[in-house]
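The values are calculated or read from the model by the stated rules, or taken from the named source; none is laboratory data. Predicted, not measured: the structure shown is a model, and the values here were computed from it. When we count neighbours, we look across all protein chains shown, and the Cβ atoms used for this are built from the backbone with ideal geometry, even at glycine.
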Amino acid sequence: MADESLIGKDLGTMTFPVDRSKVREFARSLGDRDPIYTDVEVARAAGFTNIPAPPTFVVSSAHWREEDNMIESLELDLRRVLHGEAGWEYFAPIVVGDELTATRRVSDVVKRDGKRGGTMTMVSIQTEYTNQRGELAVRHTDVIVETGG
């Protein structure tokens, strides 16, 4: 059962490249045809050092995780788990050629009475993405909800 003792729990670190083809695919999947995501000259004219990654691109890092048993490690009942919310804070541009290191940890655990009965548990997972220069680029927070039994 998830509780406040999980706050600070390390959920793993992984590193992945920001690849030009993946940036292009991600932009196209969003329906964004802006040439900034495909043409390095357009990106440079806009002030970037290379083609930038679209906002929320870091979610594609999930495809680089070897094993992801986060729900199990938090002792949550998968049958009652929902994704509650997501948020991003941006600190530095992410561009093609960067290598990002993602470090996940539990940042908060809150319990409250559910409207349909039982106690809901909300676990906040914070992932910090740093680039190859050690600069924090993005902080992504997800809230996972385990509904009452």
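Observations
- Scanning segment 18-70 for residues that are surrounded by 13 or more Cβ atoms within 10 Å (Cβ to Cβ), of a type in the set (S, T, Y) and under 28 Å from I144 (Cβ atoms) yields T56, S60, S61.
- Some residue of segment 88-98 being modelled with pLDDT under 90, over 11 Å from the mean Cα position of the chain (by Cα) and of a type in the set (D, E): no
- Residue count, segment 39-76 (criterion: among the β-branched types (V, I, T) and within 21 Å of Y90 (Cα to Cα)): 5
- Taken over segment 74-108, residues that are outside any strand (DSSP E or B) and under 25 Å from V18 (Cα atoms) amount to 7.
- Scanning segment 110-149 for residues that are more than 15 Å from T13 (Cα to Cα), in contact (Cβ under 8 Å) with a residue 24 or more places away in the chain and outside any strand (DSSP E or B) yields a total of 8.
- Considering segment 116-149, the residues that are among the polar types (S, T, N, Q) and under 11 Å from R105 (Cα atoms) include one that is surrounded by the most Cβ atoms within 10 Å (Cβ to Cβ), namely T127.
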